[in-house]
Ligand SMILES: [Zn+2]
């Protein structure tokens, strides 16, 4: 490529940054992306290329500086000019009413309150000078915290540049969404590492990483709720200050309300006490602040806390029960995972009988034994886990639990690899691992083969019909009919599903092979870049690392995977049996030539489709330039309503959004064409 003149580069860089910052704001702050990921990725890549050519153009506010990369020596201390206060807690309606009485008595009239969710994360303070993010710090003891600016720069909901060039200081909470927490712990379990006890610890641990690249990968988010230093801003109420912060580009929590009476406050508390499990992040209570700043000033502070605010704390969601047994399973990568089998107990609105014990070290460290009374903890919809043993209730005849030394399935000796806390079965022929691998291969985001549940696959393996994933493509009907509960019709369906999967675009196969560290998203990027499995198998590490979002770990893992001779035999077998090894999805560059009614439109699929599966329809629409999202909003252009469509259809009709039936969608797909 011809190098572009400096001035062209300079203006292009400014343009790209403005666009990328806007996309990031829509995605991370407003939760309403307007473009597909690949549009972002493509522009981001272009910016990286120009910045590589002209390093002088790199500024701290460039989106490329958010991936981390600096390795810090330690964290400097930061003295807070305005100390961070802590709140007095209340635990009951009576205490809340007493708080309200005290406030009213002190000021001599009734007051309105701004109520907010109490996000269970890590308190942070952010300083801006002339609109640029210059310092981020932890709360510390309230007076002195730690400088974590570099790590906070990787948190994408924190604006690097405000919408106005103001010098202000804001405060809020940095947290890890529940889904990220579950994924992170799952990944850590697979990798044999220690797991985090809860999302708050995971967020705190991520922000205290000296290697900022680690923080960048942790998918943290923020809610800001305090304007500590107003700068030139004028605000007379907490509610207004929240809106001002949102206007400047900060992410603020949309659930805040102004309540005129303490009864209204209580209703708000009850509502979120009941529905908190459905929130995508954890909250541990409700914060109640006097809304008017002038009244706050009148009330002032005690030695410890403001008189104008309090925190209502939810009772913890934990319960005691008895440990009946420990169930051990072997995962796809050989990791041995224990699950507690308990006397069923009510916890956070559901009855639970199983809880996570993470790994064998966890059992030893906490000295968890059979028949122990255990404390089980569940945060929101996160998998319950065993928090601790109630030692006072331990039976007299109790004995330490003997952790297995051999694989419960193949009986090979289990090992601790490197520094791992998990035990692993490292026998590559371990049936448990192969069965898990087969299940992964047929799963929805991989080859998407219906009708092959874990039990069917296990039978196929045990009967010797299938020993690796290529064998699935050599199955015939007679073989299927030898399996339990498989009749004529279901055998045909299975064969049809297997056959259809031959045509999948190769990213599904790449993901399905279960190469370590290669998730569905990475598989998509690799497929698009290399174009085929064959090309990927010959890829150099450097080329993989050069791709956006691909780290050394993934690159190493891919290269090592394809060094294995057996992998090439497997690829050959797949090819011989008619499995497609090429990328069929549409490349970003080709999308510009697409003409279709879906192009640049946001589409929601709801109800039951007859001729297409949801997944297929989604893929087709995306390939035709449309964006498929899960929920109906004002930004939705078309709702495709299948049979028995419910609330989404009602909502679409209420918003006056165009509604299509399945036939209209099919017709539109057929009429679309690509160059
Ligand atoms: Zn084994």
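The values are calculated or read from the model by the stated rules, or taken from the named source; none is laboratory data. Everything numeric here is computed off the predicted structure, so don't read it as measured data. As a convention, Cβ positions derive from the backbone with ideal geometry for all residues, glycine included, and neighbour counts pool all protein chains shown.
The set of residues from the stretch 370-415 being without any contact (Cβ under 8 Å) to a residue 12 or more places away in the chain, away from the ligand (no atom under 15 Å from the Cβ) and in a loop (DSSP other than H, G, I, E, B) comprises 396, 397, 402. The residues listed here are 169, 190, 173, 150; of these, the one that is under 19 Å from residue 28 (Cα atoms) and touching a strand residue (DSSP E or B) at 6+ places or on another chain (Cβ under 6 Å) is 173. Reported count of residues in the stretch 95-142, each being closer than 20 Å to residue 173 by Cα, surrounded by fewer than 20 Cβ atoms within 10 Å (Cβ to Cβ) and free of Cβ contacts under 8 Å to residues at least 24 places away in the same chain, is 2. If you go through the stretch 416-455 and keep only what is under 21 Å from residue 361 (Cβ atoms), surrounded by fewer than 16 Cβ atoms within 10 Å (Cβ to Cβ) and within 16 Å of the ligand (Cβ to nearest atom), you end up with 416, 417, 426.
Going by the structure shown, is residue 49 more than 22 Å from residue 133 (Cα to Cα) and within 29 Å of the chain's Cα centre (by Cα)? Yes; evaluated as a whole, the condition is true for this residue. A single entry from 476, 397, 471, 462 fulfils the requirement of being surrounded by fewer than 13 Cβ atoms within 10 Å (Cβ to Cβ) and either touching a helix residue (DSSP H, G or I) at 6+ places or on another chain (Cβ under 6 Å) or closer than 24 Å to residue 578 by Cα (or both): 476. All of 183, 198, 219 fail the test of being in contact with a strand residue (DSSP E or B) (Cβ under 9 Å, 6 or more places away or on another chain) and under 30 Å from residue 382 (Cβ atoms), apart from 198. Here residue 438 passes the criteria (1) touching a residue at least 24 places away in the same chain (Cβ under 8 Å); (2) in contact with a strand residue (DSSP E or B) (Cβ under 8 Å, 6 or more places away or on another chain) except the one numbered (2).
Within the stretch 350-362, is even one residue modelled with pLDDT under 95, away from the ligand (no atom under 16 Å from the Cβ), within 19 Å of residue 416 (Cα to Cα) and over 23 Å from the mean Cα position of the chain (by Cα)? Scanning the stretch 350-362 turns up at least one residue that is modelled with pLDDT under 95, away from the ligand (no atom under 16 Å from the Cβ), within 19 Å of residue 416 (Cα to Cα) and over 23 Å from the mean Cα position of the chain (by Cα). Taking the stated definitions as given, is residue 43 modelled with pLDDT of 85 or more and under 28 Å from the mean Cα position of the chain (by Cα)? Considered against the rule, which asks whether it is modelled with pLDDT of 85 or more and under 28 Å from the mean Cα position of the chain (by Cα), residue 43 comes out as yes. Among the residues in the stretch 66-84, are any out of contact with any strand residue (DSSP E or B) (no Cβ under 6 Å at 6 or more places or on another chain) and part of a helix (DSSP H, G or I)? Within the stretch 66-84, one or more residues are out of contact with any strand residue (DSSP E or B) (no Cβ under 6 Å at 6 or more places or on another chain) and part of a helix (DSSP H, G or I). Take the conditions surrounded by 15 or more Cβ atoms within 10 Å (Cβ to Cβ), more than 16 Å from the ligand (Cβ to nearest atom) and farther than 27 Å from residue 190 by Cβ and apply them to residue 481. Does it pass? Considered against the rule, which asks whether it is surrounded by 15 or more Cβ atoms within 10 Å (Cβ to Cβ), more than 16 Å from the ligand (Cβ to nearest atom) and farther than 27 Å from residue 190 by Cβ, residue 481 comes out as no. The helices (runs of 4 or more DSSP H) found entirely in the stretch 503-547 that carry 3 or more residues being closer than 24 Å to residue 573 by Cβ are 506-512, 520-530, 533-537.
When residue 340 is tested against (1) within 16 Å of the ligand (Cβ to nearest atom); (2) within 29 Å of the chain's Cα centre (by Cα), exactly one condition is not met: (1). Scanning the stretch 359-369 for residues that are closer than 21 Å to residue 334 by Cα and touching a residue at least 40 places away in the same chain (Cβ under 8 Å) gives 359, 360, 361, 362, 363. Annotation: residue 506 fulfils all but one of (1) crowded, with 16+ Cβ neighbours inside 10 Å; (2) without any contact (Cβ under 8 Å) to a residue 40 or more places away in the chain; (3) within 34 Å of the chain's Cα centre (by Cα); the unmet one is (2). Of the residues making up the stretch 161-179, those that are closer than 17 Å to residue 219 by Cα and either surrounded by fewer than 20 Cβ atoms within 10 Å (Cβ to Cβ) or touching a helix residue (DSSP H, G or I) at 6+ places or on another chain (Cβ under 8 Å) (or both) are 174, 175, 176, 177, 178, 179. The set of residues from the stretch 255-285 being within 23 Å of residue 241 (Cβ to Cβ) and loosely packed, with under 13 Cβ neighbours inside 10 Å comprises just one member, 260.
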